[in-house]
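Novice: Okay, here's the structure, questions in a sec.
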Amino acid sequence: MPGSVLVIGSINADLVVTLDRLPEAGETVTGGRFARHGGGKGANQAVAAARAGARVRFAGAVGDDDLGAAAIELLAAEGVDVDPIARLEGEATGVALIAVDREGRNQIAVASGANARVDAALVARAVEAAALRPGDVVLLGFEVPDAAVVAGARAGAEAGARAILNPAPARDLPAGVLEAGVLLTPNGLEAAALTGETDAAAAARALARRTSAPVVVTVGADGALLADGDGIVEIRAPEVDVVDTTGAGDAFNGVLAAGLAAGAGIEDAARRAVEAASASVRRAGARG
């Protein structure tokens, strides 16, 4: 049996306005088109992994509002096991306000809401229910608190499962994450913020030395760089017509996790993930 994927991360409602151009600070740009989508990096990654064929369980939290109920329904409709998701009384579901221009570039502002309440106890319950084993993958993100991230990384290490951390938005890596030997998947800007290295390859090598594990740095339309030790493998992305880059990194991480859970090697899984990210930017919305 192939392994399964346990995603520990965020769930949001994405409120998207598509415009001819993005506003400058203090500026109002009118004439946009509005749409609402399911979002949150963790939830997007869970959907991508499920669409790639993985068995996926999601651990996170929403508020006791209509947005939370809709977010859970969307995940369940994709075949994701939503039993570990907590509905927190008195909390609001996370919301992302997204502006997208005609070139597909975006600006995103997030109100974390219930995502900020995801803790080690919630993770422990999800891990126990998942009965993690070697071959499984734990996929983590930085849109939930450090305590949840560290608990997930340690649980993966103890079970012999592969732990992946998408450090977005970038912040200092907790010691518990470094000790667990997670596979990091920052983009170029996040890798620079974590290391001080502006060259993506140098940043990837620096992170690999810190974690003693492979690192994959995504570099937008150029694809990704895989660092394993001091070696670097360049994974080129196919050329596509870009509609909306929102969620491309989430597609990458979800498909990477699915590939590893299916038994693929890291390089093969990363190549498939780059292809998925490239496909994702051809449609509007993080899950389009």
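The values are calculated or read from the model by the stated rules, or taken from the named source; none is laboratory data. These numbers were taken from a predicted model, which means no experiment stands behind them. We place every Cβ from the backbone using ideal geometry, glycine too, and count neighbours over all the protein chains shown.
Novice: Could you please tell me which pairs satisfy a Cβ distance under 7 Å, a separation of 6+ or placement on different chains, a first residue in the stretch 183-204 that is more than 13 Å from residue 252 (Cβ to Cβ), and a second residue that is among the charged types (D, E, K, R) and outside any helix (DSSP H, G or I)?
Specialist: Listed by first residue and then by second, the contacts come to 203/197.
Novice: Ok, one more. Every residue in the stretch 125-161 that is surrounded by fewer than 24 Cβ atoms within 10 Å (Cβ to Cβ) and either among the acidic types (Asp, Glu) or assigned to a strand (DSSP E or B) (or both), please.
Specialist: Hits for the stretch 125-161 are 128, 146, 158.
Novice: Has the stretch 193-201 got at least one residue that is within 18 Å of the chain's Cα centre (by Cα), at pLDDT 95 or above and either farther than 21 Å from residue 152 by Cα or aromatic (Phe, Trp, Tyr) (or both)?
Specialist: Yes - at least one qualifying residue is present in the stretch 193-201.
Novice: Does the stretch 36-44 contain at least one residue that is over 18 Å from residue 261 (Cβ atoms) and surrounded by fewer than 20 Cβ atoms within 10 Å (Cβ to Cβ)?
Specialist: Yes, that holds for at least one residue.
Novice: Show the residue pairs that are 6+ apart or on different chains and have beta-carbon atoms under 7 Å apart, the first residue being within the stretch 19-48 and basic (Lys, Arg), the second being part of a loop (DSSP other than H, G, I, E, B).
Specialist: These pairs meet every condition: 21/29; 21/101; 41/9; 41/10; 41/143; 41/168.
Novice: Do we find that residue 250 is acidic (Asp, Glu), crowded, with 22+ Cβ neighbours inside 10 Å and either in contact (Cβ under 8 Å) with a residue 40 or more places away in the chain or under 30 Å from residue 133 (Cβ atoms) (or both) in this structure?
Specialist: Yes: the conditions hold for residue 250.
Novice: Take the conditions modelled with pLDDT under 95, crowded, with 22+ Cβ neighbours inside 10 Å, hydrophobic (A, V, I, L, M, F, W, C) and in contact with a Pro (Cβ under 9 Å, 6 or more places away or on another chain) and apply them to residue 177. Does it pass?
Specialist: Judged against the criteria, residue 177 is a match.
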